[in-house]
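What follows is calculated from the coordinates using simple rules that are stated; it is not laboratory data. It should be emphasised that the depicted structure is a prediction, and the values quoted were computed from it without experimental measurement. For neighbour counting, all protein chains shown are included, and Cβ atoms are generated from backbone atoms with ideal geometry for every residue, glycine included.
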Ligand SMILES: NC(=O)c1ccc[n+]([C@@H]2O[C@H](COP(=O)([O-])OP(=O)(O)OC[C@H]3O[C@@H](n4cnc5c(N)ncnc54)[C@H](O)[C@@H]3O)[C@@H](O)[C@H]2O)c1
């Protein structure tokens, strides 16, 4: 596949969690904008993500392991000469465990991958991005990090941590030329949510998916990838330390029981 050289021509973009879902769509979106892309994931499918891309490298690593994150950063710099954008997107759901049934083992693993992983990405990628004269770091948080109701307790806490992480990192990287932002997706059809989508489809209840947001549908990975490309671009040059919600409007309302309340006649 030939990519059109454009906004990200000459830029190097690293994406974790790139074997599937949001990460895979984002790698392809940046490549379509002319970027050299480094796709990282612990799963083999990461090689398929870069198939057909001209300037691409796939690496199998654990995004929650410091030595592996360092290896990823080194590999990107060795292959493409530096890093301009790092998207720490890898994550696990940890299931639906609540506060009373979450084990220490579950807490430790969810926080390791979902929160410590992005912290390690910032720690090791930021100096390389500074060396290029500035750029952007993105992390995937979630609407689950804003309030309850979109995942298990360790997952929600880990994503709340990511929102705080980009705030503190943006402050600490002041004057470095590196902007740090998070994206908070709502319900997106990916590997993580596959079971819910399959379950609904098997029962003919696909129309229930995403019904709580005003767009009345779930999102697709490309709708998150488009926001990631924007946040990493010069068009977002004044967006820093923010958690950008991309959820079809889900989080814009308190829960209401009277659905017709204030509804326009469309
Ligand atoms: N799908 C949704 O509705 C939704 C909503 C909000 C936030 N998110 C977040 O979006 C991000 C991407 O998830 P997705 O929805 O595309 O799901 P996905 O399961 O399709 O993709 C996640 C990828 O992360 C990889 N991964 C998991 N642990 C890893 C590790 N330790 N090291 C390297 N790679 C690892 C997986 O192998 C997988 O390829 C996650 O952080 C997730 O929490 C998803």
For peptides 29-35, 60-66, sequence by mean Cβ density within 10 Å, most packed first: 29-35, 60-66
Ranking of 244, 22 by count of other Cβ atoms within 10 Å, fewest first: 244, 22
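Work out how much length residue 171 to residue 239 would gain on full extension: take 0.36 nm times their residue separation and subtract the Cα-Cα distance, in nm to one decimal.
On the way: separation 68, 0.36 × 68 = 24.48 nm, distance 1.26 nm.
Stretched fully, the residue 171-residue 239 segment lengthens by 23.2 nm.
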Cα→Cβ-extended label distance, 7 Å offset, between residue 256 and residue 211, nm: 1.7
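Sort 128, 79 so that the residue with the fewest other Cβ atoms within 10 Å of its own Cβ comes first and the one with the most comes last.
Details: 128 20, 79 14.
Fewest-to-most Cβ neighbours within 10 Å comes out as 79, 128.
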Ranked 120, 100, 209, criterion: other C-beta atoms within 10 Å, fewest first: 100, 209, 120
Alpha-carbon spread of the stretch 131-203, three principal axes, descending order, Å: 53, 24, 13
Peptide ranges 235-241, 167-173 listed from the most packed, as the mean C-beta count within 10 angstrom indicates: 167-173, 235-241
Hydrodynamic radius by Kirkwood, which averages 1/r over all alpha carbon pairs of the stretch 97-221, in angstrom: 16.2
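Explain nothing, just the number: relative contact order of the stretch 41-105, from Cα pairs under 8 Å at least 6 residues apart, as a whole percent. Let's see the in-between values first.
On the way: 34 pairs, mean separation 14.3, N = 65.
Contact order relative to length: 22 percent.
Express the relative contact order of the chain as a whole percentage, based on alpha carbon pairs under 8 Å and six or more residues apart in sequence. Spell out each step's value before the answer.
Numbers: 554 pairs, mean separation 46.3, N = 266.
With pairs under 8 Å counted, the relative contact order is 17 percent.
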q = 0.25, 0.26, 0.28 Å⁻¹: log10 I(q)/I(0) that the Debye formula gives for the stretch 7-65, counting C-alpha atoms only: -0.90, -0.96, -1.09
Paramagnetic label zone (point 7 Å from Cα along Cα-to-C-beta, residue 54; backbone N under 15 Å) in the stretch 72-97: none
Between helix 153-172 and the chain: long-axis angle, C-alpha atoms, 0 to 90°, nearest 10: 40
Length added when fully stretched, residue 66-residue 148, from 0.36 nm per residue minus Cα-Cα: 26.5 nm
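Taking a quarter of the surface of the Cα convex hull of the stretch 103-153, what do you get in nm²? Numbers along the way, then the final one.
Details: hull surface 16.8 nm².
With the hull built on Cα positions only, its mean projection is 4.2 nm².
Is the shape of the chain best called rounded, prolate or oblate, per the rule: a/c under 1.5 gives rounded, else a/b larger than b/c gives prolate, else oblate, with a ≥ b ≥ c the square roots of the Cα gyration tensor eigenvalues? List each step's numbers first, then the result.
Details: a/c = 1.58, a/b = 1.47, b/c = 1.07.
Cα axes put the chain in the prolate bin.
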